[in-house]
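What follows is a short report on a single structure.
The values are calculated or read from the model by the stated rules, or taken from the named source; none is laboratory data. As the structure is a computational prediction, the values presented were derived from the model and not from experiment. We place every Cβ from the backbone using ideal geometry, glycine too, and count neighbours over all the protein chains shown.
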Amino acid sequence: MFNHLSNAVFRLYQTENSKYKSSLFDLIDGDRETKQTKGLAYLFSLSPEFLIEFLFRNEMQEIIKKILRKNEFFQFLSCDFLKVDAEMISEGEEKIRRDITLNFYHKSKKVLVLIIEAKNIKLDINYNLEAQLQRYVDPKYFPYDEHVPKIAIALTKYKQSFKTEAFVSFTWVEMIKVLHQTLQLNLDSTKSLVLTDYYKFITGVDKGMHYYEKEILSVPAGKTFEEITKYHIHACPDTPSYNYRDPLFITFRQKGGGVMNKLYKIEDILILAPENLSVLKDISESDLLYKNRLLAYVEERKKGHGFKKNDTYRFYILSQNDHITLSHNPRPEKNNAGGWYYTLSEMLSGRQVVFTDSR
């Protein structure tokens, strides 16, 4: 009986409407930020693969090594139990709430506590979160963690700056990348389905939570594609015809159909005249971390495609590490000239032909 019943659809009706297919995350109660937090906490408990991808990103691993002594770090690596608490309430009269608490145990001993404060993925934080994180590690509120090493993580749209060594800034873009990398692994069907649902949920593929609007700029790479991929820098004239919005990601359409194979995170945007030797000298004497590759890019491009004399250019400084590979090689329906915007959800949909954001 039901031997041939291979598909079923679950629909959750909210008010008088429903999506064609609802997911586990539609069942989570609360507002959008609460759904993000509870869903993320569930993923940490469900998938060790996702947890490992998160913990062993370079910056996270370095912080953990700094906070833990050598023997504590080995105990952490040998953890045999993880307890995940979502929206844990403090003790005492004044109540505060930790969004996510990851408790790592080795032979019944708690060896590390990771606290995650997950802000709305759409919210641009314009205040310092340090005081808030400080309360999460204060034994006045959470006395049972008093003698346990603790790291507090702010999960926000953009990077934050902290003075405290045990406080870490992690962006939603980085978390999306962790999800993307985890989904490339050989997961069992249940984990793959749930992680995919959250991935769609957080990037807005199902339109339930659409946080990124026109966040990807796609431009034709033309003759400078080799320089772009070599130096992780792109430049275009700073003129009205190139009046692009400042994007979160940029991608480059290649010749012969406009295939796009990578989303690059933008670290900085500079406007300067590359033919002005005084400007270049000023850059060479600056403390910009990317000054050497910027100057090398300018020099190599002058020998090749070149710049228009006396014109100012907009230089997009791309991250050398923070990017998303588009293994499905999406392309536009027609490779038109100029810059076009895409939503993150459209570009990550897995379709080979993707459509521009018309909103």
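State yes or no: is GLN134 out of contact with any Asp or Glu (no Cβ under 7 Å at 6 or more places or on another chain) and modelled with pLDDT of 90 or more? Outline the logic, then answer.
Values: out of contact with any Asp or Glu (no Cβ under 7 Å at 6 or more places or on another chain): yes; modelled with pLDDT of 90 or more: yes.
When the stated conditions are applied, GLN134 passes them.
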- Residues that are loosely packed, with under 14 Cβ neighbours inside 10 Å and either in contact with a Gly (Cβ under 9 Å, 6 or more places away or on another chain) or of a type in the set (Lys, Arg) (or both): find the helices (runs of 4 or more DSSP H) completely inside the range 39-132 holding 2 or more of those. 58-67
- Counting only helices (runs of 4 or more DSSP H) entirely within the range 274-359, those with at least 1 residues that are under 15 Å from ILE216 (Cβ atoms) and touching a residue at least 24 places away in the same chain (Cβ under 8 Å) are 344-347
- Give VAL194, VAL173, VAL178 a once-over and let me know the one that is at pLDDT below 85, part of a helix (DSSP H, G or I) and among the β-branched types (Val, Ile, Thr). VAL173
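Across the range 311-353, which residue is modelled with the highest pLDDT among those that are among the acidic types (Asp, Glu) and under 26 Å from VAL178 (Cα atoms)? Outline the logic, then answer.
Quick first cut of the range 311-353, residues among the acidic types (Asp, Glu) only: 311, 322, 333, 346.
From what's left, under 26 Å from VAL178 (Cα atoms): 322, 346.
Details: ASP322: 77, GLU346: 84.
That would be GLU346.
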- Message: Take the conditions modelled with pLDDT under 85 and charged (D, E, K, R) and apply them to GLU72. Does it pass?
- Response: no
- Item | GLY208 vs. criteria modelled with pLDDT under 85, more than 15 Å from the chain's Cα centre (by Cα) and either closer than 28 Å to ILE115 by Cα or not β-branched (Val, Ile, Thr) (or both) | yes
- Message: Can you pull out every residue in the range 319-334 that is surrounded by 15 or more Cβ atoms within 10 Å (Cβ to Cβ) and over 22 Å from the mean Cα position of the chain (by Cα)?
- Response: ARG331, PRO332
- Task: For ALA118, state whether it is more than 30 Å from SER327 (Cα to Cα) and either outside the structural domain of ASP322 (by TED's automatic domain parsing) or free of Cβ contacts under 8 Å to residues at least 60 places away in the same chain (or both).
- Result: no
- With respect to LYS140, determine if the residue is outside the structural domain of LYS265 (by TED's automatic domain parsing), surrounded by fewer than 13 Cβ atoms within 10 Å (Cβ to Cβ) and more than 28 Å from the chain's Cα centre (by Cα). yes
- Query: From the list SER78, SER18, which one is modelled with pLDDT of 85 or more and either of a type in the set (Gly, Ala, Ser) or not assigned by TED's automatic domain parsing to the domain that holds LEU195 (or both)?
  - Reply: SER78
- Task: Have a look at LYS191, LYS159, LYS163 and point out the one that is farther than 22 Å from ARG135 by Cβ and of a type in the set (Lys, Arg).
- Result: LYS191
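Quick one: in the range 282-310, of everything that is charged (D, E, K, R) and at pLDDT below 85, which residue is farthest from TYR231 (Cα to Cα)? Can you show your working first?
Here is the first cut: in the range 282-310, the ones charged (D, E, K, R) are 282, 285, 287, 291, 293, 299-303, 308-309.
In the following step, the residues that additionally are at pLDDT below 85 were identified as 282, 285, 287, 308-309.
Numbers: ASP282: 20, GLU285: 19, ASP287: 18, LYS308: 20, LYS309: 22 Å.
Selected residue: LYS309.
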- Item | Residue list for the range 252-269, restricted to those being over 20 Å from TYR290 (Cα atoms) and either crowded, with 20+ Cβ neighbours inside 10 Å or touching a Lys or Arg at 6+ places or on another chain (Cβ under 7 Å) (or both) | PHE252, ARG253, GLY257, GLY258, VAL259, MET260
